[in-house]
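First the structure, in the form of structure tokens, and then the observations on it.
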Amino acid sequence: IPEQYEIDLQYKNYTAELVLYNINTQKEIFKFKNENIFPKETTICLIEQSPLIDVVAVAFESGDIIIMHLKTAKVILALKSTSKPISMSFSTSLSLKRSLLATSNGNSITLWDLNEKKTFYSIDIGENDYNVMFLPNEPIMIASSDRDNSIKMFKFDESTSIPSLIK
């Protein structure tokens, strides 16, 4: 029996699927499943709400990141990280000249320029798993790690959007 149980747990037959539920009514309100857009043979590991209504970033274990509009079920942007993201955050600062998405993958924090659709800047963080979070309406990003119990604060230059460590 244990051998059969292990065979049933293989993930090779599963496809990525995003299902949203209304918690108040306990009903499914949205199901997005598209083999042509979602990466093959990978699972969703992270979802982050963007500053725009009905737009989210979805990260996959393969390192793929898609930004999609939930009501129209369309992918706005697709990005490819070098490894599985463990944390994501959108900048909401209007003072920056770029729309930024920060992702952390354990070795680095990557800043994506959403207007240019490419990597803008990378911060080497060593072997720590940092969670990233932009402060609302501020050009400041916090990176925290429970591995070494550290918190780092980065301020973004308003003209270049390049971060510098301030604390």
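Is at least one residue of the stretch 76-86 farther than 16 Å from residue 44 by Cα, polar (S, T, N, Q) and surrounded by 13 or more Cβ atoms within 10 Å (Cβ to Cβ)?
No.
Among the residues of the stretch 133-147, is there at least one that is touching a residue at least 12 places away in the same chain (Cβ under 8 Å), in a strand (DSSP E or B) and under 29 Å from residue 32 (Cα atoms)?
For the stretch 133-147, residues touching a residue at least 12 places away in the same chain (Cβ under 8 Å), in a strand (DSSP E or B) and under 29 Å from residue 32 (Cα atoms): present.
Given 166, 151, 162, which one is under 24 Å from residue 66 (Cα atoms) and either modelled with pLDDT under 85 or among the β-branched types (Val, Ile, Thr) (or both)?
After applying the criteria, what remains is 162.
Identify the single condition in (1) modelled with pLDDT of 85 or more; (2) open to solvent by less than 30 Å² (accessible area, probe 1.4 Å); (3) among the polar types (S, T, N, Q) that residue 42 does not satisfy, given that it satisfies every other one.
(1)
Quick check on the stretch 145-156. Is at least one of its residues out of contact with any His (no Cβ under 7 Å at 6 or more places or on another chain), open to solvent by less than 50 Å² (accessible area, probe 1.4 Å) and within 16 Å of residue 105 (Cα to Cα)?
Scanning the stretch 145-156, I find at least one residue that is out of contact with any His (no Cβ under 7 Å at 6 or more places or on another chain), open to solvent by less than 50 Å² (accessible area, probe 1.4 Å) and within 16 Å of residue 105 (Cα to Cα), so the answer is yes.
Provide a single number: the residues in the stretch 109-132 that are open to solvent by less than 30 Å² (accessible area, probe 1.4 Å) and either assigned to a strand (DSSP E or B) or closer than 15 Å to residue 78 by Cα (or both).
Number of matching residues: 8.
Residue 95 versus (1) part of a loop (DSSP other than H, G, I, E, B); (2) open to solvent by 20 Å² or more (accessible area, probe 1.4 Å); (3) modelled with pLDDT of 90 or more: which is the lone unmet condition?
(3)
The values are calculated or read from the model by the stated rules, or taken from the named source; none is laboratory data. Source: prediction; values computed, not measured. Positions of Cβ are backbone-derived with ideal geometry, glycine not excepted, and every protein chain shown enters the neighbour counts. Side chains included, ligands, DNA and RNA excluded: accessible areas come from the protein's heavy atoms. Shrake-Rupley method; radii C 1.70, N 1.55, O 1.52, S 1.80 Å.
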